[in-house]
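Input: a single structure, listed below in C-alpha cells.
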Amino acid sequence: MLCNRDKRKLQRCLEDLYCNQCDVCICGCGCCKDIATNVCDCCVDPMEDFLKKALDILSDQGTLTVFLTSGQSATGLKPDITTLEDGIIGGTDINGVVRSIPICQISRVVAHEPGQSLNPNAITLLPAVCTCGECDCCERPTREKLSTFPQGKQVQFFYVGLESGVPPTLDIFEKVGLGIALTSNLGDLIGYSNCKITAITEP
C-alpha cells in the first residue's frame, strides 16, 4: 500500500501523462491539479518550506526560534542551523546544545534580524491546493478563515505548546498560505502552523 507522500508523487506522474488536468485523482475529489491529503502535505512540508525561506532572508547575525508542541523552544543563529531536510531541522542552539527537531512538532517560528525589520513580502507562502482527508478537516478551515482577514489586522493566535495562562503575542496579520499563517511583530516575522493553531482572537 502506498503512503500518502508516494500517492502524491504518483498523482503528479499521472498528471504529467494525462496533460496535468487530473484525469486520474487518487484522493477521490476529482478536481485537483495538486493534492494535500494529510499533515505531511499541508503542515509539515509548508513549515519546512517556510523555514528555508526565512533562513534565506536572514543575515549571519539573524536567528530563528522554534516553538514546539511540547512547550519547549530553541533559538539558533543562521550559520549554526546546519540541517533542514526530510522533516528535520537541526544544528547548535545559542546555548551550545546540538539539537535535531522534527518539523512536525513545530507550532510557531520567529525570524529575527537584529536592528532591522524583516519584510513580509520577502517570503512567499505556498498556495492552497485541493485538500482531502486530514487536511480538509484540520488545515483548510483555519486557512480559509484567515484568508478573510485583511493585511494589517491585529490578531492573537493560541497554539499547541503555548504555556497555560500565558497570553499569546499581539501580532499584525500579513497573509496565509497552505499550512502557514504569517504575522509580524516589532520587525520580526512569525510563521504559525495552521494545524497547530487552537484559537484565534481578534482584539
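The values are calculated or read from the model by the stated rules, or taken from the named source; none is laboratory data. Everything quoted here is computed from the prediction, not taken from an experiment. Every residue, glycine among them, receives a Cβ derived from its backbone with ideal geometry; neighbour counts consider all protein chains shown.
Annotations for the structure displayed:
- Identity of the residue in the stretch 144-185, acidic (Asp, Glu) and more than 17 Å from Pro46 (Cα to Cα), that ends up modelled with the lowest pLDDT: Glu163
- Of the criteria (1) in contact with a strand residue (DSSP E or B) (Cβ under 7 Å, 6 or more places away or on another chain); (2) within 21 Å of Pro168 (Cα to Cα), which one Ile94 fails: (2)
- Identity of the residue in the stretch 85-111, surrounded by fewer than 17 Cβ atoms within 10 Å (Cβ to Cβ) and touching a helix residue (DSSP H, G or I) at 6+ places or on another chain (Cβ under 7 Å), that ends up nearest to Asn194 (Cα to Cα): Gly87
- Residue among Leu186, Leu162, Leu182 that alone is more than 17 Å from the chain's Cα centre (by Cα) and under 25 Å from Gly76 (Cα atoms): Leu186
- Of all residues in the stretch 73-111, those satisfying the criterion of being among the hydroxyl-bearing types (Ser, Thr, Tyr), free of Cβ contacts under 8 Å to residues at least 24 places away in the same chain and within 23 Å of Val39 (Cα to Cα) are Ser73, Thr83, Ser100.
- Residue in the stretch 35-52 that is at pLDDT 95 or above and in a strand (DSSP E or B) present: no
- Restricting the stretch 144-184 to residues that are closer than 18 Å to Ala122 by Cα and touching a residue at least 60 places away in the same chain (Cβ under 8 Å), the residue that is surrounded by the fewest Cβ atoms within 10 Å (Cβ to Cβ): Ser184
- Some residue of the stretch 2-19 being in a helix (DSSP H, G or I), at pLDDT 85 or above, under 21 Å from the mean Cα position of the chain (by Cα) and not charged (D, E, K, R): no
- If the condition is being among the polar types (S, T, N, Q) and part of a strand (DSSP E or B), then the stretch 66-123 contributes Ser73, Thr75, Thr82, Thr83, Thr92, Ser100, Ser107, Gln116.
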